[in-house]
Ligand SMILES: [Zn+2]
């Protein structure tokens, strides 16, 4: 635990000092260009994989980078309210739904009720990807590497599914149709450091390389 206290001290004395002017500017407000919806997984570090600084990414993180379909409700909806704020108030220009390899949330879709009995809220949350699991089970080929293939297929199809859920938000749909907002789906490979971008036209994920 003392490590994270040491980290706080080091941040103030080194990184903060290095970006002092930026922090002075950020003290009075934020103007992030991107809403980043990622998994809560400790191995996914959005600012690191995008090489962005404080003030650039407005982040929503939850188990398996889910986007609950839009609905009006009196419940406490964390993800929905963060998305609403990013689009309506911060007026972000990009939304990234970022999934990743070896996602425990996606793997848990295949666990039994008994295995999830001590995490009832997680079990409920995973219902948001029920149709992802159904799609994968209906479309997977039967081959020797079925398990690995199922894992990646679930993680990637989940990204596409959550991108579609974004369009159930009236304001996102309007801005997307008016080309005022970009929606991206990314797949981050933890073991290689590679990030793949979803190409809607070809229904495939392509490795992100140097931008021209
Ligand atoms: Zn995950």
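Key figures
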read-out	value
Reciprocal of mean inverse Cα separation for region 60-212 (Kirkwood radius, Å)	16.7
Alpha carbon convex hull of region 42-148, projected area averaged over orientations, nm²	9.4
Helical mean residue ellipticity (222 nm; -39500 (n - 2.57) per DSSP H run of 4+; nearest 500) of the chain	-10000 deg cm²/dmol
Contact order normalised by residue count of region 31-207, Cα under 8 Å, 6+ apart, percent	25
Extension gain, residue 134 back to residue 48 (0.36 nm per residue minus Cα-Cα distance, nm)	27.6 nm
Two-decimal Rg/Rh across region 100-144, once Rg and the Kirkwood Rh are taken from alpha-carbon atoms	1.00
Computed label-point distance, nm, for sites residue 5 and residue 203 using a 7 Å Cα→Cβ extension	5.5
Residues in region 81-109 reached by a label modelled at residue 33 [backbone nitrogen below 11 Å; 7 Å Cα→Cβ]	93-94
Mean separation of Cα contacts under 8 Å (6+ apart) over length of region 100-199, as relative contact order %	29
Order of 106, 39 - criterion: other Cβ atoms within 10 Å of each residue's Cβ, fewest first	39, 106
Spin-label pair residue 61/residue 122, simplified geometry with 7 Å Cα→Cβ offset, distance in nm	1.6
At R0 = 45 Å, FRET efficiency that the Cβ-Cβ distance of residue 91 and residue 114 yields, to 0.05	0.45
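Every read-out reported here was derived from the displayed coordinates using simple, explicitly stated rules and does not represent laboratory data. This is a predicted model, so every value here is computed, not measured. No Cβ is skipped: glycine too gets one built from the backbone with ideal geometry, and neighbour counts run over all protein chains shown.
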